[in-house]
Structures are given as C-alpha cells and as structure tokens.
Amino acid sequence: MSLLGVDLATVLELGQDHLLLAGVPLLVGLALAIPLGWLATRRGWLYPPLVAGTGLLYTIPSLALFILLPGFLGTRILDPVNVLVAMTVYTLALLTRTVADALLSVPGHVRQAATAMGYGPARRFLAVDLPLAVPVISAGLRVAAVSNVSIVSVAALVGVSQLGSLFTDGFNRNAMGPIVVGVIGCVVLAVLFDLVILLVTRLLTPWKVSAS
Amino acid sequence: MADVLAWLTDPANWSGQGGIPAQALAHLRYSVIALLLACLVAVPLGLYVGHTGRGRVVAVNIAGAFRAIPSLGVLFIAVLLLLPRLRGELAFEAPSIIVLVLLAVPPVLSGVYAGIEQVDPAARDAAHGMGMRPWQVLAQVEVPCALPLAIAGIRSGMLQIIATATIAAVVGLGGLGRFLIDGQAVRDYPQMAGGALLVAALALGTDLVLGLAQRAVVSPGLTGGTGLRARSATALDRRLARG
Amino acid sequence: MIRLEGVGKRYPDGTVAVDDLSLEAPRGRITVLVGPSGCGKTTTLRMINRMVEPTSGRILVDGEDTAGMDAARLRRSIGYVIQHAGLFPHRTVLGNVMTVPRLHGWSRARARERAREVLELVGLEPAHARRYPSQLSGGQQQRVGVARALAADPDVLLMDEPFSAVDPVVRGGLQQEFLALQERLGTTIVLVTHDIDEAIRLGHRIAVLREGGTLAQFSSPADLLAHPADDFVADFVGADRGYRALSFQRAQVPIHAEQPLREGTGHAPGSGEAWRLVIDADGRPLGWRHTDDPEERLRLGGTLAQQDGTLRSMLDAALSAPSGRGVVVDDRGVLVGTVRADEVLRAIQQAPRPTGDTVRTAEGTE
C-alpha cells in the first residue's frame, strides 16, 4: 500500500522512529526538569542562573547542536543518540523554567496549610506542590512536544532516519509526494502527543473541569 | 576538537567570498531582512488582535499549528513550488526567505497580541477615563506595557529564523549553514563543527543584542528594575513569615 | 453641578443596567452612589464621563449636555479615580501624574511642576516621584491615583470605589484626608461605593440605588438613617442605623463640673468619688485613677467628646469611661466637664428626629 507514492510501511517505520526520538527526550527532559525547577524555587539565588543557563541552550540552532554533540559525546555523527541528547537538552531548556514558574504559582496559603497539617517538605512537594503545578507544567510540556516533533525532522540532514527523511528523499528526487506525507506525519504525531498530554493532565487534575 | 580549533583559526577560512566573515554577514542579513518582514506583517496584526480582541482564536490556533509544521518540510515545499517560477538571482533566495518570514510570524504575532492583552484592564480603563483617544491609549499605554512580551516574541522569532536559515543552506542559501552542509558533503567534520560553533555563537550573540535592546526600551517599572522589586518582595515575604 | 435627567442604560441584549435615573450632584459637594452589586452605580458614574453612553435621558455638566461634547475632551476636564488606581506601570509616579496636563498640551516643565504640587497635596513625599507604581504600597498607589486625577485641576471628580482596595487600617486615614482635601479644593465629587458606612462617612448627598438601576432614595446621610424610604433602604442601611444616626445630632446634655487631679499631685481630698480624672498642666485629660488603688495606676480613659459634639460621641464617651462619666473637652482638648450616660439617653429621647437639612459632621473628628 502506498500514499502519494510513499510505501505506507516505510511511513509507519519512520513515524515510529520519529515518535521515539521526540517522545523519549520529552520524558527524560521532564524527569530532569522537575528536580532542577524545584531547586530553582527552593534556593532563590539558583533561579536566575538555572533558568538563564537552560534558556541559553535553547538558543542553539538544532542543526548546529546535532553536529556539535558527537564532538562532546564521542559518538558518530549518524548516531541517533545525538538526536536523543539534543532533544533532551531542548526539552530541559524549555521545562526547567516552566516547572519553576509552575511551582511558584502554587498559592502560598495552600502550601502553608499543608505545612500546618504536618506535611514534611518532601511529602508536601509530592502530595501538594507538584499536583497543583501540573496544569502549568502540562502547558509547557505541550509546547515542548510540538516543537520536538518539528525539530527532530531536521536530523534527516545529518542522516538520522525518521519522518524528516521523507523530506530529503522527496527533495533529492524532486518529488512533492514524500515531503507532503512527511509534513502530514509530523502534524499527526504532534497532535497525538498533544492529545496524550491533555488526557494525562485531565486524569491527574480531576478538580479541573477542563484542562486546557 | 583540535581540528575544529585549527579550522576556526585558519586565516584562509577568514577571507574571501566564502569566508567566515562574509558568510556570517550574509546569515545576519537574511535573518534581519526576514525578521523585519515578519514584523511588518505580525506587529500590526498583533496590535489589532490584542487591541480589539477580534480574531484572537484564529491567531492562537494559527500560531499553535505553525509550531507543529516542520520547518525543513516547509522549506523543501517552498523551493519545489517556487524555484521553477522564479528567475535570476532571487530564485535561490526568495523561497528560503519567504519560509523564514512565514516561520517568524507566529511567535512575533502571539508575543504582540499577548502583550497587549495582558495590559492591566484598570490601566486601560484609566487611560480612557482620563481622556486619551484610542490611538493614544494604544501608543502611550498598551504598546509600552506590551513590550516585554512583544520583544520576547521577536527574540524567539529571530532564533527560529537563524536556525532555519542555517538549514536553508541545503537548498542553496548562503550563510554560516554552508559550512555545515558543505562540510558534510566532503565529510569534513572540523568544518562542520566549526560552522556549528559559529552558528551557535551568532544565535547567542543576536539574542544577547536583542536582550540588551529589550532592557533599553522596556520601562523599569514593568520589570522591577535591577531587582528592586524583588528585594522589596523578599522583604515583604520575610515580614509575612515573621508575622 | 452635574444633572442626570431620566438617564437609562439598556444593553442590546435587553438587560437594563440603569433605569430612568434623575438626580443632581451639587457643586462643591460629595455625592455618593451606593447600592448592592448590580445596581448600576458604576454604570451611572461611567455615563457621566461617557465611558458608557446612556441609551436614554441626558446628562448635563454645568448646564451643558455632555452628549454634544467631544468624549475625550469631556473626560480630560473630569478627574477619574478607580478602584485599583489603574496606574500606568511603565511610567514613574511623576509621569503618571503628568498624564492629563500633557494631554491638555501643557509643556513638560509645566506639567512636571504641577505634578509635584499635586503629589504634595495628596501627601506623598517628593522621594516617591521617581518611583514606579510597583514599588508603592496600595495606599500610596491610591494617593497617586487621586493626584493624577487632580493634576489638571478639574472641577469635577468621579471616583469608583476609590478606597475599597486599600487595607482597612489605611482606609480610615485616607478617607479623612480625602474629606479635608475636598473641603480645601471645593471639587464637585461623585463617588461610587458598595459600603454604606463609607457612603455615610463621606457623602453630603447619598443616592441609594437598587438592583435594576433605579433610585431608591436620594437624601442627606442623616435623613437616610432617620427616614429610610422603604424596606430595601432600611435593610441596606443596616440594623444599627438608629444608633448611627446619633452621629448627626447635636447634644443638649447637661455637663457636670469635674474636680480633677493635676498630674503629679497625690491624693487630693474632697470629692468623695471613687474615680478621679487626672489632667496635665494644661488641663488636658490624661486618664482615670481609682482612689483605692495603692499603686495609683492611671487607667487610660475612653473616648473624648467635643463640647459641641454629637449625641453619639457623648454616649460613647460616657460608656467607655471606667467611671461612667464621659469626658468632654473643648476644641483645644482642655477638660470642660463630664456627662452621664443616663442623661445622654434622656437627651436622645427628647431629641427631635432629624430632618433632611441636618448638618453633616465628620464623625472621626469628634
């Protein structure tokens, strides 16, 4: 079966690669951003360097990062690990600030009430602060997910195969079909991420009538 | 890494038409032109949407949808569509620049309208109540108050442009991206990495300049100046904690 | 003078915010619009400077129909103060206050000079002029808001809940200063509040509006307390309105001579009273001392009533003194004598119920 001259099995395979290259860094980045963001709110002086520092990483253009990482990691340039690390860096850059701001947005009276009820700092963070920060973190995660999907496609230029490979393939053969299929694939993937994040957010924040 | 340093310090790479300064300037030129064109479209549109609240939903959705569309794909589509229709020198540059503009419009637009939208309604009401005409409210209150978010949007649009201009070397656009793409073609990693470092430096430098510009034009009353507000806030916190 | 003639505001969806409202805000006085939320008081206020356009009736400022004026020009001639001050966060305090003079086309230098004057007028230190609104407290911001509204020396000032966002502790002082300022400048003021106490405290004339935007009563504060027009007004004014009405009644209460102790002197023989009032060298009361108290502690007495004060202040003085004798002083604070609670009550019983032309007194100065 084929779609606009592209074999459907190939599309699915590339889509799966794309999903992993964009999705795994999203989870790893989030897992790293939570403690970093927490640190930035706990120690006020750490907030500017952490947020500005991770923000600087975000300014590095993706193609440049894909090319530079092998130099630091000792990997080969075609290695998908470079892309995974680069996408984790971007996710982290975006989410550290989001997590910090989300935690700061938890109302002080709620936090004080929790402390007054006898929550220790660690339990209060897990049971009160973090759940209440979910809506804001989720909004940041949605942005990160969509931009990850788009950026990953650039990795086709350094030869890492995913949906972006359809772009280079189509361009080299002067064929519009594969490029359009690739764009559609990316958009579908982005929407998929968005829906999953929305769904999980809704499950995590049953007190919100609609998570948006 | 030593090879990268060697490539970066080789005088031969710093002269001539394809040299580092020439390519950096070309990169900057495309980027600035694209940013200005994007602002030309996005700023008035953002002011309109923010000031009137009309078309807000459309603006939000377009901005969101554009983020999902991969820039590389759009770039290739633009080239395949436009290249046969264009002639002369412009033929190679125009499709890329159109894409650069297209990608920078959403962040600038959403920055401007979000900036206008978050202006304190009480300040806006007071401005009208004091007898400002609508354009005076816009120019004297809404725009100055929107600057932090608007410039943030412009900065992120500029980063998007610089990144995409790098990629556009694949379709023949000049600029620092040439070193990355040409280096890859001949498997010259030092040239690729050297170029990548230059691109990163260009992006950081441009963002820094825009950041300084932001500091210069945004009223300290909106940012809390040099931590004065932050200091008074912590003082307040301490007072509350004690009380 | 501001005159509303059958003014109404009906929105396209059919909701009526204000219905056929007629009232007159006299020149140089404070007129308060008060009522529950949804009574159209803010809409009424905003129709005066045409922030909201009336759909029926007309509004006259000094005899001129506002509908025929240029809206922006009209607004520049009317000061406007709102709840959260609405200061421009990007402008310094001075820049904020300079706004309207600049809109009038004054030179920067003249506007700056005028801004400094009004800031002083509202009691802000010159050091604040260079600050930004975010660096000020809520009370200071509200002062700047008032200064900004007064900068172009308007004859009319519209105020929408000007004190409700301010800390209650600060509010009393601000209201007091506001009254003094109004008296000094003679500005015609229309003020909106949801707080009946504030209305009674500040207003020369009070318009009580009810839901649906109709006028329930328009009268002096004393009259409002004594003769509420209907159940709605009586309910809105509150259950203790009778007591509060005493604030507007002058007293005919016998003042008894007191034999005070001068500060520093020991037991003075004579009076046989258990409680003795202690005064300072100038004759100002300091407090009460019980003759049986071996430590001779001075009990700081209750409130003081002015010689020509109201029944409420006399009653309060009598009730708050440990001796049961309310201390009355003259306008220099020197002891005149004391009043007894039972005699104040008798005076209250005999006092005529107030009518519309009772003089308003500022309660806090008593």
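Quick note: the coordinates plus some simple rules give every number you see, no bench work behind them. In this text the structure is predicted, and so the values were computed from the model without any measurement. Please note: Cβ atoms are built from the backbone with ideal geometry, for glycine as well, and neighbour counts cover all protein chains shown.
Subtracting the Cα-Cα distance of residue C:71 and residue C:169 from 0.36 nm times their residue separation leaves 31.5 nm of extension gain.
In this label model, residue C:331 and residue A:115 are separated by 5.4 nm, measuring between points 7 Å along each Cα→Cβ vector.
For chain A, the longest principal axis of the Cα atoms and the long axis of helix A:62-73 meet at an angle of about 80 degrees. With a 10 Å cut-off around each Cβ of B:116-129, the average count of Cβ atoms from other chains is 6. Backbone amide hydrogens, once placed in the peptide plane, bring residue C:81 within less than 5 Å of C:158, C:159, C:160, excluding anything fewer than 5 places away on its chain. The simple spin-label model puts a point 7 Å past each Cα toward its Cβ; for residue B:33 and residue C:274 those points are separated by 10.0 nm. Counts of other chain beta carbons within 10 angstrom of each beta carbon in peptide A:64-77 average 5.
The trypsin sites (Lys or Arg not before Pro) of the range B:100-200 meeting both criteria, a DSSP state outside H, G, I, E and B (loop) and at most 10 other C-beta atoms within 10 angstrom of the site's C-beta, are B:187. The calculated 222 nm mean residue ellipticity attributable to helices in chain B amounts to -25500 deg cm²/dmol, summing -39500 (n - 2.57) over DSSP H runs of n ≥ 4 and dividing by all residues.
Which shape class applies to the range B:1-73: rounded if a/c is under 1.5, otherwise prolate when a/b exceeds b/c and oblate if not, where a ≥ b ≥ c are the square roots of the Cα gyration tensor eigenvalues? Judged from the Cα gyration tensor, the range B:1-73 comes out prolate (a/c at least 1.5, a/b above b/c). Here residue B:188 and residue B:90 are evaluated by their C-beta separation; at R0 = 51 Å the FRET efficiency comes out at 0.95.
Ordering of A:36-43, B:208-215 by packing is A:36-43, B:208-215, highest average first (other Cβ atoms within 10 Å, averaged per residue). Distance between the pseudo-spin-label points of residue C:117 and residue C:299 (7 Å out from Cα toward the beta carbon): 5.3 nm. Can you give me the angle between helix B:71-82 and the longest principal axis of chain B, using Cα atoms only, in degrees from 0 to 90, rounded to the nearest 10? On a 0 to 90 degree scale, this one is about 70. Using the Cβ-Cβ distance between residue A:104 and residue C:55 with R0 = 51 Å, the FRET efficiency computed as 1/(1 + (r/R0)^6) comes to roughly 0.65. Across chain C, the longest run free of exposed loop sites, meaning trypsin sites (Lys or Arg not before Pro) lying outside DSSP classes H, G, I, E and B with no more than 15 other Cβ atoms within 10 Å, spans C:28-296. Expressed to the nearest 5 percent, the antiparallel share of DSSP beta bridges inside the protein assembly as shown is 60 percent. Phi-derived couplings, Karplus 6.51 cos²θ - 1.76 cosθ + 1.60 at θ = phi - 60°, listed residue by residue for the range C:219-229: 7, 6, x, 5, 5, 4, 6, 7, 10, x, 5 Hz, with x used for Gly and Pro.
At an R0 of 35 angstrom, the distance between the Cβ atoms of residue A:207 and residue A:46 translates into a FRET efficiency of 0.70. Against chain B, whose longest principal axis is taken from its Cα atoms, helix B:90-117 shows a tilt of about 20°. Between A:177, A:108, A:55, the GNM of chain A built on Cα springs shorter than 10 angstrom shows A:108 fluctuating the most.
Local charge for residue C:60 was computed over the other residues whose Cβ lies under 12 Å away, with Lys and Arg +1 and Asp and Glu -1, and equals -3.
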